[in-house]
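Laboratory data are not the source of any read-out in this text; all were calculated from the coordinates shown. Please read all numbers here as calculations on a predicted model, not as lab measurements. All Cβ positions, glycine included, derive from the backbone under ideal geometry; neighbour counts span all protein chains shown.
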Amino acid sequence: MSNIVAIVGRPNVGKSTLFNRLTESRQAIVKEISGVTRDRLYGRGEWNGIEFSVIDTGGYVHGSDDIFEGEIRKQVEIAIQEATVIIFVVDVMTGIVDLDETVVKILRKTKKPIFIVANKVDNTERVGLSSEFYSFGIGDVYDISATNGSGTGDLLDDLVKHFDINDKTVNEKDDLPRFAIVGKPNVGKSSLVNALTGEERNIVTDISGTTRDSIDTRYKAFGFDFMLVDTAGIRKKAKVTEDIEYYSVLRSVRSIEDSDVCIFMIDATEGLQKQDLHIYYIIEKNSKGVVVLVNKWDLVEKDHTTMKQYEEKIREQLAPFNDVPILFTSTITKQRIHKTLETAMEVYENRTRKISTSELNEVMLDIIQATPPPAVKGKYIRIKYVQQLPTHSPAFAFFCNLPQYVGDSYKRFLENRLRERYNFTGIPLKIFFRKK
Ligand SMILES: Nc1nc2c(ncn2[C@@H]2O[C@H](COP(=O)(O)OP(=O)(O)OP(=O)(O)O)[C@@H](O)[C@H]2O)c(=O)[nH]1
Ligand SMILES: Nc1nc2c(ncn2[C@@H]2O[C@H](COP(=O)(O)OP(=O)(O)OP(=O)(O)O)[C@@H](O)[C@H]2O)c(=O)[nH]1
């Protein structure tokens, strides 16, 4: 199960302000990934040690008033499909308006938990103004001020009760690796699913998802045994014409969260674009494994250097997290389809890799001694020992006297040494510095 909060509501009620507040502590430490301007679409939040994703469905409504209603309707419907819980933001300063009613009508159809957030309760005079929102009859009302933060603690206390505490997405239903096929519209996701399962119906079993109309497919053939996440979603999505980049990104979030490894497809004829990078960013932020497929490779005119150049360019665009497998595939000619699965399996193995504390210290302390962190303001940073944390995806804690002084470049240095020594290809690594 994934932990996804979707923020819905009509324009100008304060959705993006709330989004920033819920994701602020995380976003501040997130570095911008090559060319992706961080926007309000997707972020990670944390409360009392519980992590969750926040998707903001607003800010994409443009043009005249009469298109608002249709747009909002679509946004709310997608939020309902994708989210674990929904935050419906309203404005105490205006009270209930028609567009709020439009949203409520759609929200009534879902059984998912809804939190009505009465925003702009900036001071005590405004407390009590929000009681009219109980008349919607779809959930409890929380008074908050997104700008000054008041009330958000109480909201989060109740919100996180709906979440999985121990990142149990993985291996909950079974012990099989979980692969998700993701990418923007038209890159070939359905074609890949069909190439894998289509003519081999006898080897797949459809297993209905527990939380929504998703279908995971067990794939068992040619020495492979794994789950393909949300194959129904991929097939169904094929019927919808989604021209808006925003929706397709939102729709990737859940599949990504439900997976161990993402098979991330791009279109060889287009190269890696902004929308692709958005999806890649979500994979990275969720610490999932990744295999990059440059699909439709059959359509690219090639000479002997094409593939190498293409690969280099992609690695540049994916930096800093570019220690990932890149395969050139075609679902039409079936080129490297088997290799894709092999690679996804290897990445899965990399994600489960555990290195003993004694070995880790033996290797890393020598490296650290040879190249210690630079002193800051005349203070020397001493790293005393290293430990891999007992998390699902690899994370390492370096214990030291002055963790706050260790800079990003040194962090990257350590990450690179770890990657040289151990095979973490396709895996985002987390590195922490802790006081000891
Ligand atoms: N007084 C007050 N103003 C707020 C609060 N939260 C947001 N605002 C203001 O309300 C306006 C709209 O806020 P946004 O966060 O952009 O609203 P939105 O719902 O994301 O709007 P769209 O982008 O149109 O969907 C801005 O001028 C904010 O500064 C609050 O808690 N108190
Ligand atoms: N030449 C070529 N065409 C491909 C390849 N893979 C997919 N296509 C074509 O690309 C188009 C889109 O493929 P789909 O599999 O529907 O793509 P999708 O990613 O599932 O698309 P959405 O459902 O819109 O997200 C179809 O016309 C496919 O036949 C490939 O490897 N080579």
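List of remarks:
- Taking other C-beta atoms within 10 angstrom as a stand-in for reagent exposure, Asp164, Asp56 fall in the order Asp164, Asp56, fewest first.
- Long-range amide H partners of Val376 with built H, under 5 Å: Ile381
- Neighbour counts of other Cβ atoms within 10 Å put Asp303, Asp122, Asp258 in the fewest-to-most order Asp303, Asp122, Asp258.
- Two-site FRET efficiency, Thr333 against Thr94, from Cβ-Cβ distance with R₀ of 60 Å, rounded to 0.05: 0.55
- According to the calculation over all Cα-Cα pairs in segment 286-353, the P(r) per 10 Å bin from zero is 19, 46, 31, 4 %.
- Here's how it looks for Lys436: its modeled amide H is under 5 Å from those of Cys400, Asn401, which are all 5 or more places away or on a different chain.
- The calculated FRET efficiency for the pair Lys105 and Glu24, based on their C-beta separation and a Förster distance of 41 Å, comes to about 0.80.
- Taking θ as phi - 60° and the Karplus parameters 6.51, -1.76 and 1.60, the scalar couplings of segment 336-349 work out to 6, 6, 5, 4, 4, 5, 4, 5, 4, 5, 4, 5, 4, 4 Hz in sequence order, x denoting glycine and proline.
- Applying 0.36 nm per residue to the separation of Ser409 and Ser131 and subtracting their alpha-carbon distance, the gain on full extension is 95.0 nm.
- Taking amide H as placed 1.01 Å from N in the peptide plane, the amide H of Tyr142 sits under 5 Å from that of Ile116, Val117, Ala118, each at least 5 places away or on another chain.
- Equivalent ellipsoid, segment 256-415 (semi-axes from 5 times Cα gyration tensor eigenvalues, Å): 37, 18, 14
- Applying a threshold of 31 Å to the alpha-carbon distances of Lys15/Lys161; Lys15/Lys436; Lys111/Lys220; Lys74/Lys308; Lys313/Lys334; Lys308/Lys384 flags Lys15/Lys436; Lys111/Lys220; Lys74/Lys308; Lys308/Lys384 as lying beyond it.
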